[in-house]
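What follows is a single structure, written as structure tokens, with notes after it.
Here, each number is a calculation from the coordinates, and none is a lab measurement. Keep in mind it's a predicted model, so treat the numbers as computed, not measured. Here the Cβ positions follow ideal geometry from the backbone for every residue, glycine too, while neighbour counts run over all protein chains shown.
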Amino acid sequence: MSKVKPRGKVPKKAAIDEVIEIKTLIRHPMHSGRMKDKDGKNIPRQIINSFKVDFEGKEIFKMKLEPSISTNPYIAFPYKAKKTGTFNFEWKDDSGNTYTMKRKMTVS
Amino acid sequence: MKTIKMINISRRNAIALMLGTAGYIMSSGIAFAGKEQVLKRIDEITKGKGAKELDIFLDLPEIAENGNQVKVNFEIESEMTEENYVKNVYILADGNPAPDVAKFSFTPDMGMCSATTRIRLSKTQNVVLVAENNKNEYFMTKSKVKVTIGGCGG
């Protein structure tokens, strides 16, 4: 699963009380378990099933993903900037693999 | 290689088999969630209370040319304070193999209740949004999307 690669866009700087938008994308095939390969064999279900975001250790947002989410899941959500800190992003797939990413933001 | 059973297939049996297989494919390949299952899910989510229809901003294309990547964006008006905030948002679809699409869990730290993602839609169908606030009140809205080429590998 070396192809799985998380990406994220978080503004480096924000003003206090500014609502910023965080955009994330993870490269993942999201096999729904219903698709077939070239030989007509069923590709077993293999999806990213959860996504979680912490800011300085406090959970701010999470999402449960089902097979109806597109390939390379894209997730965007807001956050109200209060202080300087680090976001921790975490994706989990059906095999129990965890993919993480960190992003820093300075608030002034 | 000891226990190979030979099955004699007569023409009549073969036709019956083909029809049976076709029927099986029809029923398994085109098994969609349907409105009843979505209603059942709403009932489960709201613990039987039901959801009030509300004019929530749910942005979906009217016509999706490619059902594999349909952008969904929603925004729910909420103070997003500890006393009053939207806790969970469920996205359901009545024309996909399973009714559940996604569940978003919000916190007051977000300052605003909105999110964007991309979903698969296997055919023309209704996308339903159910929102739950911290007082366990439920609201819903829906939007119909026409799909030209379906997703879900169907």
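What distance in nm lies between label points placed 7 Å from Cα along the C-beta direction at A:LYS82 and A:ARG7? Between A:LYS82 and A:ARG7, the label points sit 3.1 nm apart. Take each residue in A:71-78, count the other chain C-beta atoms within 10 Å of its C-beta, and the mean is 6. Just checking the listed ones, A:LYS38, A:LYS83, A:LYS58: in the Gaussian network model of chain A with Cα springs under 10 Å, the one fluctuating most is A:LYS38. What the phi angles of the stretch B:114-123 give under the Karplus curve with 6.51, -1.76 and 1.60, with θ = phi - 60°, is a coupling list of 8, 6, 9, 8, 10, 10, 9, 10, 7, 6 Hz, glycine and proline written as x. Peptide B:96-105 has a mean of 6 when you count, residue by residue, the C-beta atoms of other protein chains within 10 Å of its C-beta. Peptide B:119-127 shows a mean partner chain C-beta count of 2 within 10 Å per residue C-beta. Rounded to the nearest whole Hz, the Karplus-based 3J(HN,Hα) values (6.51 cos²θ - 1.76 cosθ + 1.60, θ = phi - 60°) of the stretch A:3-9 follow the sequence 6, 5, 9, x, 9, x, 10, with x at glycine and proline. When the listed pairs A:LYS9/A:LYS82; A:LYS9/A:LYS62; A:LYS13/A:LYS62; A:LYS41/B:LYS71 are checked against a 20 Å cut-off, the alpha-carbon distance exceeds it for A:LYS13/A:LYS62; A:LYS41/B:LYS71. Mind jotting down the distance between the C-alpha centroids of the stretch B:125-140 and the stretch A:1-60, whole Å? The two parts, judged by their Cα centres, are 23 Å apart.
Over chain A, what relative contact order in percent results from Cα pairs under 8 Å that are six or more residues apart?
The value is 33 percent.
Estimated from helices alone, the mean residue ellipticity of the protein assembly as shown at 222 nm is -4000 deg cm²/dmol (sum of -39500 (n - 2.57) over DSSP H runs with n ≥ 4, per residue). For the peptides A:43-50, B:115-122, residues were scored by their other Cβ atoms within 10 Å and the scores averaged per peptide; the highest-first order is B:115-122, A:43-50.
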